[in-house]
Amino acid sequence: MFPNSPTRYGTFSASTIDLAITKNFLYPFEIHSLPEMSSDHNPVLINFFLTYSLPNISGKFATNWNHFTTTLNKLDLQNPYCISSPSQLDEYVCNIESQINHARIAASKPIKPNTTYIDARLTELSAERNHARKTFQCTRNPALKRYLNKINKQINKLDQKIEINSLATEMTNVNTEDGTIWKFVRPFKKKCKKIPPLTSLAGIANTDTEKANCLANSLEAQFTVNNISHPETEEMVKESVTRFRLEIDPDNQLSDPPLPSEVQNCIKNLKNNKAPGLDRINNKMIKNLPKRFLFIITTIIHKIMILGHFPTCWKTASVVPIYKPGKDPTDPASYRPISLLSSLSKIAEHIILDRLNRHLNDYNILCSEQFGFREKLSTTHQLLRVVEYITEGFSNKQKTGAVFLDIQKAFDRVWQDGLIYKLINYNTPKYLVKIIDSYLYDRKFAVRVNNVLSDSKPINAGVAQGSKIGPILFSLYINDIPRQFNTMLCMYADDTAILARNKNPKFINLALNRHLKSLEDWFAKWKIEINVSKTEAIIFSKDKNILKYPPIKMNNKIIPWSQECKYLGLILDRKLTWRPHFYYLKQKFRDLTRKFFPILARKSAMSRENKLLIYTAYLRPVLTYACPVWGYAAKSNLKIIITQHNIMIRNICDVKWYISNTEILRALDYPSFMEFILRLATKFFNNIDNHDNEAIKNIPAYNPDPRIKRPRNLLLSS
């Protein structure tokens, strides 16, 4: 580049001697020769109208974390205490995220991809094959064709041999000390499937952008309130929520402000392998923030509580679609949305959730029948309630009827105004209700397919997926579900069951239908839709004939009696023999074992210790899930899964047929299957006896009796 006017004057001088050389130049620009009377040489001024921004780093890169921390320490940031409005809070949070990302880019360098090593023998054979092919194409000599085929076979065999040797070497070198074993095993556990072309009303989606938008359109329809009208409730909710939103709280002082120690403990517990949200700030970056940022984050959370405003940039989720097994892969509805939220927003959620849980526990608001997402409660506890209720009926010669409800899109279609109304009625602190109202309002999402994002779509209903506070909000929304005096209610999140028992099936039918009728009215009132076609009913009885039992109805549709039902991962058959469940476990275990076959096979190069570790961590939990509930089953039925355990141990050790299972386990110092589940059951029942949950306390205490089959009979094995 050079100016249009001369820059030097004289008899024998050049008109322009000043040049500017640029690389990767971008327009616009200006260049001028400035008059300077004191010299025969004019200065040159070049103006670039550019906005400077750091380039994004794609692919793998290495970050110098000391440089990252130092860069952030040098920043001259505004004091967050000066924030006085929601717009200022949004602007400040966006600026903080931008500065953190810029510091990460400035402290990172791309890593060159590893060059693929090609064995010299393969290179030599490939050259020989290519020469033979060219010669054959010129001469068409049949002998050369046979020679070409022979070399191709040699190349394939050698390539396979090299790959097997490479895998064997890698399996030999993995160990638990540096964590390489878990990195090596992870791809065998889950194999991601590519999304095929999707079919929708708009046509066929082939490219990643089309697929992302197709899935986004499908999810947008999913994140809407059910089209159920109840004018009386709608008017009541509208009046209460509108009045609350228009209230002006003169006192902005918090009795329990967030502390830096709380934020620090939350950051320490973050896991490095969690995926970041749209802001691309991962947990490793948060852990390496300088100490001053600890106080900045604490102050931001404090301002969120005072202003009752959740930052807008934290309310957009990146959704990754996961295929549902057994569904049509070309249907957009066959993919489960997994939401990735900002890691910084999850820290704020953790602090808010801690205060919400404190209020719920202090006033004992959550119903005792709800076991989902609660401390010291699991699916096994709820299953024990169900099975103890049924087996107690068997011991008293009673039949038990059960209905397992299927709530359609439970988390995605929560009526948000109805949720705020219930929070107000539970006397939740106003500042928490305002934050949650802001948190749910105007949320958005974008679907990611192979690093391609769809257009942003609104979320008009539901609690935020992937959030810390979402599950407890759903529990509060269904917390006032109707109960009946002659039925038992069981809930784990949205998995709901009602049970009734009596010697006369007509009384069971009457109790269940009465409870279902009250549930129908309640579901319609709060815009919750039940999928009656997927709702199951069963009579637990020793009788052979189930056709004589009177039917039950919901939404004027008959729910047929089933021979077996699945609840919280267990298959419950009519007589509670557990045989169908054990066959289901056997198939599930064998399907998972096939994925690990290359590393757990008899002739695998991996060490025996590592094989046992992988089996203990990934495979055995499949067989032992909820074992305190079904461990009392007959030995002939338990043998179905004990055999799978023993076969796997024999494969891992590569033993001969004449060596007994007892000798193998004694040599390995490894517990047998029954010893292990007895150990789990003993610990489980000891904790049950000291539990503070009212529903757990109501489980009848009894001494195990071998003549009556009940869950605690497993303890007799000791």
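The values are calculated or read from the model by the stated rules, or taken from the named source; none is laboratory data. Bear in mind the structure is a predicted one, so any value in this text is a computation, not a measurement. Backbone-built Cβ (ideal geometry, glycine too); neighbour counts: all protein chains shown. These accessible areas exclude ligands, DNA and RNA; they are computed on the full protein's heavy atoms, side chains included. Shrake-Rupley method; radii C 1.70, N 1.55, O 1.52, S 1.80 Å.
Can you divide the C-alpha Rg of segment 579-717 by 2.2 N^0.38 Å and report the result to two decimal places?
1.19
So how much accessible area does His350 have, in Å² to the nearest 10, using a 1.4 Å probe?
70
In whole angstrom, how far apart do the alpha carbon centroids of segment 145-188 and segment 490-517 sit?
Value for the Cα centre distance between the two parts: 57 Å.
Describe numerically, in nm with one decimal, the distance between label points set 7 Å from Cα along Cα→Cβ at Ser660 and at Phe244.
Result for the modelled spin labels: 6.7 nm.
Amide H of Leu278: which non-local residues (sequence gap of 5 or more, or other chain) have their own amide H closer than 5 Å, using H built in the peptide plane?
Excluding prolines and chain starts, which carry no amide H, the hits are Ser318, Ser342.
Which parts of segment 98-128 would a label at Ala143 reach, counting a residue when its backbone N lies under 20 Å from a point 7 Å out along Cα-to-Cβ?
Flagged as within label range: 128.
Size of the chain along its principal axes in angstrom, Cα-based, largest extent first?
Principal-axis extents of the Cα atoms in the chain, largest first: 122, 92, 51 Å.
Rolling a 1.4 angstrom probe over the protein heavy atoms, how many square angstrom per residue are accessible across the chain?
55
Going by accessible area, probe 1.4 Å, with all protein chains left in place, what is the ranking of Cys490, Cys138, largest first?
Cys138, Cys490
Just to confirm a number: summing +1 for Lys and Arg and -1 for Asp and Glu over residues other than Trp657 whose beta-carbon lies under 15 angstrom from that of Trp657, what do you get?
Its environment carries a net charge of +1.
Provide the FRET efficiency to the nearest 0.05 for the Lys635-Lys506 pair, computing r from the beta carbons and using R0 = 25 Å.
0.10
Which helices, taking whole DSSP H runs in the chain, have alpha carbons extending 20 angstrom or more along the helix axis plus mean Kyte-Doolittle at least -0.5?
Sorted by number, the helices that extend far enough and score high enough are 86-106, 291-307, 343-362, 379-395, 505-525, 635-653, 673-689.
Would you mind computing, in nm to one decimal, how far apart the modelled labels at Arg650 and Leu34 are, each placed 7 Å from Cα along Cα→Cβ?
Calculated label separation equals 9.1 nm.
If you line up the Cα atoms of segment 666-717 on their principal axes, what length do they span on each, largest first, in Å?
Extents along the principal axes: 45, 28, 11 Å.
State which entries of Lys517/Lys544; Lys303/Lys444; Lys525/Lys566; Lys422/Lys468; Lys506/Lys553; Lys324/Lys376 exceed 25 angstrom in Cα-Cα distance in the structure shown.
Violating the 25 Å Cα-Cα cut-off are Lys517/Lys544; Lys525/Lys566; Lys324/Lys376.
How much net charge surrounds Ser200 when only other residues with a Cβ under 14 Å from its Cβ are counted (Lys, Arg +1; Asp, Glu -1)?
-3
What order do Glu220, Glu349, Glu247, Glu375 take when sorted by accessible area (1.4 Å probe), most exposed first?
Output order, biggest surface exposure first: Glu375, Glu247, Glu220, Glu349.
Can you send over the solvent-accessible area of Thr624, 1.4 Å probe, protein chains only, in Å² to the nearest 10?
The value for Thr624 is about 20 Å².
Not counting ligands, DNA or RNA, and with a 1.4 Å probe, what is Glu30's accessible surface area in Å² rounded to the nearest 10?
For Glu30, solvent-accessible area is about 80 Å².
Per the 1.4 Å probe, what fraction of the accessible area of the chain, in percent, lies on carbon and sulfur atoms?
52
Looking at the chain, what % of its DSSP beta bridges pair antiparallel, to the nearest 5?
Percent antiparallel among DSSP bridges in the chain is about 85.
Loop-only check: which trypsin sites (Lys or Arg not before Pro) in segment 215-324 are DSSP coil with at most 13 other Cβ within 10 angstrom?
Hits after loop and neighbour filter: Lys271, Lys274.
What dipole magnitude, in Debye to the nearest 20, does the chain give about its Cα centre under +1 on Lys/Arg Cβ and -1 on Asp/Glu Cβ?
That gives a dipole near 4380 debye.
Determine which residues of segment 147-164 fall in the zone a paramagnetic label at Arg133 would reach in this model, i.e. backbone nitrogen under 18 Å from the point 7 Å along Cα→Cβ.
147-160, by backbone N distance to the label point.
In what sequence, largest accessible area first, do Trp182, Trp526 appear using a 1.4 Å probe?
Ranking Trp182, Trp526 by accessible area, largest first, yields Trp182, Trp526.
Near Ile181, within a Cβ-to-Cβ distance under 12 Å, what is the net charge of the other residues, with Lys and Arg +1 and Asp and Glu -1?
With Lys, Arg at +1 and Asp, Glu at -1, the net is -1.
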